[in-house]
Amino acid sequence: MPKFVVTPWEVRGRVDYEKLIKQFGTRRIDPELLRRLEEHTGKLHMFLRRGIFFSHRDLDWILDRYEAGERFYLYTGRGPSGHTHLGHLIPWMFTRHLQESFGAELYFQMTDDEKFLFRREMSLEEATSFTYENALDVIACGFERGKTFIFSDLDYAKTLYRMAIQVAKHITFSTAKAVFGFTNENNIGTIFFPAVQAAPCFFPSVLKGKNTPCLIPAAIDQDPYWRPSRDVAPKLGFYKPAQIHCKFIPGLGKGGKMSASEPETCIFTTDPPELAAKKIMNAFTGGRGTVREQREKGGEPDVCSVYGYFYFLFEDDDGRLSEIERRCRSGELICGECKAMLAERVKRFLAEHQRRREKARDVVQEFMLRD
Ligand code: TRP
């Protein structure tokens, strides 16, 4: 049994990201690449400084093109299977940062079809309603109107289908099985779906009638989709899409990533702030059995989900973050106090996000791409 599994449909075990780079054949974001990024973005984003975005394909090439005066565009997406949680926001916030730094357009795919096909219990109506709900969260991240195009696969089917079948024609069933592990039990819609997720890699090239570099920020579990996309690209006369990959944010429980299937260890953007605070107060930490023992031995931030939240999202000042770590290890900072500090920040964050999310209702149609 492998210790961990990462596929677009399942993430299990303690993920060894170094191994994953080897297994997937991607490349680590090295100091040289960070230096180049910094030239264009100013002070490196916290997600890059902390290795939360850690792996890539052809990011150096994207920068070469950019430095030669060629604009690239961004492509990312969401499978609307439920409400958005904090883990989903990480690639979106980073995409927003890239949009701002490079002045890039963004195509954002809502794969309502994917969730319908892959989830037995999901109806089309439900997927459609979460597309709308999730789009509010995307807009709340601050994307620029006029440069950000959100589309539902179901609604944008005419343009999408034309591109998807051109991709599909170049992917054999045997490749699809090797990459995605399809079996005879898969419905045939799921087998076609990878062509649908590949299609937006080439949208601006088609829509603008000019080959345009594409950069995809996404969690590393989506990488299998980009392998056939990259193989097909030159056959259709397009550039291979480049990627920048992030890690998974831990859940509030012991180990594992944040997952909507465990709502008590998962903070949704729609959670009332008080409920989110309660979840944090119940979180797994690296604390000891008693306060006394903790004062003596100190806590263990490496395994602590609360520390994980400061690290991933809620403390962007590196000095203050290492101060939390130091005080925890020395036994000075007790879990209850640390949780209360995080809960305060999360409550503030949610209140602000929810305010923007409500405002997004007025403009959501202006962001939606239609045929
Ligand atoms: N398959 C992704 C999911 O289930 C959604 C998605 C579509 C996506 N296109 C993408 C994610 C591009 C990242 C980048 O969430």
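The values are calculated or read from the model by the stated rules, or taken from the named source; none is laboratory data. Being a predicted model, the structure only gives us computed values, none of them experimental. Because the Cβ atoms are built from the backbone with ideal geometry, glycine has one as well, and the counts that use them run over all protein chains shown. To get the accessible areas, we keep the full protein, side chains included, count just its heavy atoms, and leave off ligands, DNA and RNA. Shrake-Rupley method; radii C 1.70, N 1.55, O 1.52, S 1.80 Å.
Of the peptides 339-349, 192-202, the order by per-residue mean of other Cβ atoms within 10 Å, starting with the highest, comes out as 192-202, 339-349.
Note on residue 174: accessible area is roughly 80 Å² with a 1.4 Å probe, heavy atoms of protein only. Considering only 219, 368, 127, and ranking their Cα positions along the charge dipole of the chain that arises from unit charges at the beta-carbon of Lys, Arg, Asp and Glu, the one farthest toward the positive end is 219.
What length, rounded to one decimal in nm, is gained on full extension from residue 38 through to residue 231, with 0.36 nm per residue of separation minus their alpha-carbon distance? Mind showing how you got there, number by number?
Values: separation 193, 0.36 × 193 = 69.48 nm, distance 3.01 nm.
So the extension gain works out to 66.5 nm.
To the nearest 10, the accessible area of residue 226 is 10 Å² with a 1.4 Å probe. Sorted largest first, the principal axis extents computed over the alpha-carbon atoms of the chain equal 66, 49, 47 Å. Students often get this wrong: which residues of segment 292-318 have the backbone nitrogen under 18 Å from the point 7 angstrom along Cα-to-C-beta of residue 264? Once the point is set 7 Å along Cα→Cβ of residue 264, 305-306 turn out to lie under 18 Å by backbone N, inside segment 292-318. With all protein chains in place and ligands, DNA and RNA left out, the 1.4 Å accessible area ranks 165, 334, 188 as 188, 165, 334, largest first.
Each semi-axis of the equivalent ellipsoid for segment 15-87 is √(5λ) with λ an eigenvalue of the Cα gyration tensor; in descending order they amount to 23, 18, 14 Å.
Expressed as a fraction of 2.2 N^0.38 Å, the value expected for a compact globular protein of N residues, the C-alpha radius of gyration of segment 232-271 is 1.96.
Identify, among 48, 107, 142, the residue whose Cα sits farthest towards the positive end of the charge dipole of the chain, taking +1 on the Cβ of Lys and Arg and -1 on the Cβ of Asp and Glu, with the dipole about the Cα centre. Result: 48. For segment 1-148, with all protein chains in place and a probe radius of 1.4 Å, 49% of the accessible heavy-atom surface sits on carbon or sulfur. Relative contact order, whole percent, for the chain stands at 19, derived from Cα pairs under 8 Å and 6 or more residues apart. Considering the options 165, 13, 175, tell which one lies farthest towards the positive end of the dipole of the chain, charges being +1 on Lys and Arg and -1 on Asp and Glu at the Cβ, about the Cα centre. Farthest along the dipole direction, towards plus: 175. This model, with +1 at the C-beta of Lys and Arg and -1 at the C-beta of Asp and Glu, gives segment 12-166 a dipole about its Cα centre of some 460 debye. A P(r) calculated from all alpha carbon pairs of segment 1-154, with 10 Å bins opening at zero, reads 9, 33, 35, 20, 3 percent. Measuring with a 1.4 angstrom probe and ignoring ligands and nucleic acids, residue 116 comes out at about 90 Å² accessible.
With 29 Å as the limit on Cα-Cα distance, the pairs of 115/147; 147/247; 208/257 that go past it are 208/257. Taken along the Cα-to-beta-carbon direction at a fixed 7 Å, the label points for residue 93 and residue 121 span 3.0 nm. The calculated 222 nm mean residue ellipticity attributable to helices in the chain amounts to -14500 deg cm²/dmol, summing -39500 (n - 2.57) over DSSP H runs of n ≥ 4 and dividing by all residues. For the listed peptides 235-242, 351-358, a ranking on the average number of other beta carbons within 10 Å per residue, highest first, reads 235-242, 351-358.
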